[in-house]
Amino acid sequence: MNILVVEDEPKAGNYLLKGLQELGNSVTLARDGVDGLHQALENEFDVIVLDVMMPKMDGWEVLRRLRKEADTPVLFLTARDDIADRVKGLELGADDYLIKPFSFAELVARLRTLTKRGPSREEEHLEIADLQIDIIKRRVVRGGKRITLTNKEFALLQLFATHQGQVLSRSMIASRIWDMNFDGDTNVVDVAVRRLRVKIDEPFELKLIHSVRGVGYQFDTQP
């Protein structure tokens, strides 16, 4: 996941940054509401973790302004546990609400759930070079040739295509495709990528899936 964390408390912010990155996520940390809103509007994120009580601009106002321009899933993370506050957050457009102190495992589970909700935030069609992907019909065509993929292969290709140009770690891929923590002793990710390459890359001159040594893979028209 590509996650924006907006948290002004240094210890909590650093804890979330480190923990989410260790799971293979790409994480941006904003230390106040103004920077958080700027990051949310200028960059694409899969989900936003937003504190309520912050300097310069509180979480209520950040969400109010964000919802005028974007529908990125937002999870409120706060020590305020009044029912009125929860209702206010949901009415402003928050997708979920988690009270401090919290279980990190529960936070991760909730973030994964938010990023999987509905296809409305996903593009219906993706096109990279001579590769066309129809997300709704689950149809893949390259160079005018129809390519048949298994469900996991299609999910992996969609993950690559929606993160074109980004280096995806094996941990991130394992988390998103198999919903599991990556074990360095298993080669499940490499095997799946190898099978996808046979169908997507090997018959064509232009290669789209590139290995990044020691990290994972990058999907792009050039390495």
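Using alpha carbons only, how many degrees (0 to 90, rounded to 10) separate the axis of helix 188-200 from the longest principal axis of the chain? On a 0 to 90 degree scale, this one is about 50. Electrostatic bookkeeping for N151 treats Lys and Arg as +1 and Asp and Glu as -1; over the other residues with beta carbon under 13 Å from its beta carbon, the sum is +2. Which angle from 0 to 90°, rounded to the nearest 10, does the C-alpha axis of helix 10-22 make with the longest principal axis of the chain? Between the helix axis and the principal axis of the chain, the angle is about 20 degrees. At a Förster distance of 25 Å, what's the computed FRET efficiency of R213 paired with K18, Cβ-Cβ distance as r, to 0.05? So, using R0 = 25 Å, E works out to roughly 0.55. With r as the distance between the Cβ atoms of F104 and E124 and R0 = 41 Å, compute the FRET efficiency 1/(1 + (r/R0)^6) and round to 0.05. It comes out at approximately 0.75. For the chain, the longest principal axis of the C-alpha atoms and the axis of helix 151-162 are separated by about 70°. For the pair K11 and Q132, label points projected 7 Å from Cα toward Cβ lie 5.7 nm apart.
Gyration tensor analysis over the Cα atoms of the chain returns equivalent ellipsoid semi-axes of 35, 19, 15 Å (largest first, whole Å).
Over 21 Å apart at the Cα level, from the set K145/K207; K68/K88; K11/K100; K116/K152; K11/K88; K145/K199, are K11/K88. Here the label points at E61 and W178, each 7 Å from Cα along the C-beta direction, are separated by 4.7 nm in the simple model. The GluC sites (Glu not before Pro) of segment 14-95 meeting both criteria, a DSSP state outside H, G, I, E and B (loop) and at most 15 other C-beta atoms within 10 angstrom of the site's C-beta, are E44, E69.
Read-outs: derived from the displayed coordinates by stated rules, not from any lab. In this text the structure is predicted, and so the values were computed from the model without any measurement. For neighbour counting, all protein chains shown are included, and Cβ atoms are generated from backbone atoms with ideal geometry for every residue, glycine included.
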